[in-house]
Amino acid sequence: MFNRSFHNLFMESMILGATLLASTSAHAENKNLVTVTQTNIPTALAQPAAGIANFGKNSSETTIAQTPKIPAINSDASGQQTNSMSEVTSVSQLSDVEPTDWAFSALQSLVERYGCIAGYPNSTYRGNRAITRYEFAAGLNACLSRLNELIATATSDLVTKQDLTTVQRLQEEFTVELATLRGRVDNLETRTAELEANQFSTTTKLSAEAIFVITNAFQGSVNGDNTVFQDRVRLVFKTSFTGKDTLNTRLSTGNATTLQLPGGSAEGLQTFNLAPSNNNLSVDWLSYYFPVGSKIDAYIGAVNGVFFDFIPTLSPYLDSATGGDRALTEFASSSPIYRIGGGAGGGFNYRLSDQLVLSLAYLAGDHASPQPDSGFFNGQYSTFGQIAWNPNNNSGIGLTYVNAYQNRGGIFDFGSGFTLVGTEQANTPFERTITNSYGVEAFYKFSSRFAVNGFFGYTNAKNLAGSGSAEIWYYALGLAFPDLGKQGNLGGVLVGAEPYRGGNPAPANDLSLHIEGFYKYRLTDNIAITPGVIWITAPAQNNDNQDAVIGTVRTTFTF
């Protein structure tokens, strides 16, 4: 009889009925009146359950909590006024109860007389199209509940005998649909109770990412060219206390030994290389996201906080952060300017308008040490500022500034001394440095299947242990091909220069290029295979060094 699956019909009916009403059980106190039988739709179904919605860069990385909501009857996902029943567009396929039917008119009269559906302005019934019998039954159930309330609260004089007769006739006409709704809700209650009894936590959700990698530096590596099989596993506990915040606690392990290029270069570092060694287990990320008012999203990083945890990188298709979902390398993911410093600290994104976002942050690398030239304010630090403009969903541009102090490790690291991108000359020009970095990042989506992103950055490093300064440059252009071959796949190509020192650094000053291509093939919603090639010319800014060619087949499991 119906041209749409019963499951979808039932869920729409449940959303309509359960969202608008809190069902109550009542009996007639006046024995001369007819008691109206109601379908038992529990009040709990009308309340949005607390939970966590991921919107970050990959399933095991950055997440910000949002309260899952059942769409209100007077607004759609974009906040525009709408009639929820009109969300069903194929009217010709669902014409079970026409506006001209007696039942439609009868229910309309009851709704307007008793305010059964409070979600409509002035409690009026604004339906003007044919609806399914199950949608109609949900509306009828609302009126049954309302009439029972009036009877139970001794306001039965408001309920006319004629209306009770109409209700009885409607109940008889839609007995099957009402019974089906009641049975489905009872089953849902049972399943919900079982889920709650066996769930890990009422506030915490577990997500995970496991990466298996076969990789080989066919040439250019200084620590061997054997094919290796490596792994990394991450477990993230996402806890929400208010339904709008998220506490992320991540456990990581792995054995992904880094392929070393000449001169101690970090060029070509892949995202899965960021893991504890020898399959040791550690808490390698601890962060907290929470809103402040309606326009500010705040962030606190306690362990290995980084700027791209929460700040827009203007690389929506290639940015894999440190996960295994998109680009192969840290450099291809987003601009190196987001990798200047890290550790503990915080920041926020302030929505100046629907198109403009201001981001400010501060992170300290030596935050836990009380030693001289250390601590949260006196040691290694990075301050960050960015203004990002998204005129529409298909384009965006960002202007970025970072001021940082480094007294150990490289310029482009997480504050831990582990260099992520660039040549050795660019990362450690001096023993102690103060840097000022400037960047511009942008993307443009030409179609649903093709997008371009790019970045350009400049860092000036001043020598604090003596005289002199260094100029460091980096830039790239990336092409992304979403849904290449099938939905969920992703092809990517990037050409650019990882951070290199200009001027005349020893031993050479040749331009080193990074060329990367990959193709992510999604086997299922939870498994993806990504083969790719990384080609580094003139590693360590020296044409005398053999080009590095790295081949990778990465398999990513997520849940």
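Within region 242-257, being surrounded by 17 or more Cβ atoms within 10 Å (Cβ to Cβ) and polar (S, T, N, Q) holds for T246, N248, T249, S252, T253.
Listed here are the residues, each with its yes/no results for (1) surrounded by fewer than 20 Cβ atoms within 10 Å (Cβ to Cβ); (2) out of contact with any Lys or Arg (no Cβ under 8 Å at 6 or more places or on another chain).
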residue	(1), (2)
T435	no, no
V440	yes, yes
A470	no, no
Y474	no, yes
D483	yes, no
V495	yes, yes
L511	yes, yes
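Being on the phi > 0 side of the Ramachandran plot and not hydroxyl-bearing (S, T, Y) holds for only one residue in G379, G365, G398, G375, and it is G375. Does region 412-424 include one or more residues that are among the aliphatic types (A, V, I, L, M) and part of a loop (DSSP other than H, G, I, E, B)? Yes.
Filtered by the rule that a residue be crowded, with 22+ Cβ neighbours inside 10 Å and of a type in the set (S, T, N, Q), region 362-388 gives Q380, S382, Q386. Looking only at region 166-178, residues that are part of a helix (DSSP H, G or I) and in contact (Cβ under 8 Å) with a residue 24 or more places away in the chain come to 9 in all.
Does region 419-430 contain any residue that is in contact with a Leu (Cβ under 8 Å, 6 or more places away or on another chain) and more than 14 Å from F331 (Cβ to Cβ)? Checked against the condition, which is being in contact with a Leu (Cβ under 8 Å, 6 or more places away or on another chain) and more than 14 Å from F331 (Cβ to Cβ), region 419-430 yields at least one hit.
Just so you know, in region 398-427 the residues that are touching an Asp or Glu at 6+ places or on another chain (Cβ under 7 Å) and among the aliphatic types (A, V, I, L, M) include one that is modelled with the lowest pLDDT, and it is L420. The set of residues from region 193-241 being within 30 Å of V549 (Cα to Cα), buried (at least 16 other Cβ atoms within 10 Å of the Cβ) and of a type in the set (A, V, I, L, M) comprises A210, I211, V213, A217, V222, V233.
Filtered by the rule that a residue be under 23 Å from P99 (Cα atoms) and surrounded by 13 or more Cβ atoms within 10 Å (Cβ to Cβ), region 148-168 gives D163, L164, T166, V167, Q168.
Restricting attention to region 415-433, the residues being crowded, with 23+ Cβ neighbours inside 10 Å and not hydroxyl-bearing (S, T, Y) number 8.
Give the residue, chosen from D547, D525, that is surrounded by fewer than 22 Cβ atoms within 10 Å (Cβ to Cβ), closer than 19 Å to A217 by Cβ, at pLDDT below 95 and in the same structural domain as L484 (by TED's automatic domain parsing). One residue alone meets the criteria, D547.
The values are calculated or read from the model by the stated rules, or taken from the named source; none is laboratory data. A quick note: this is a predicted structure, and the numbers were derived from the prediction, not measured. FYI the Cβ positions are ideal-geometry reconstructions off the backbone, even for glycines, and counts take in every protein chain you see.
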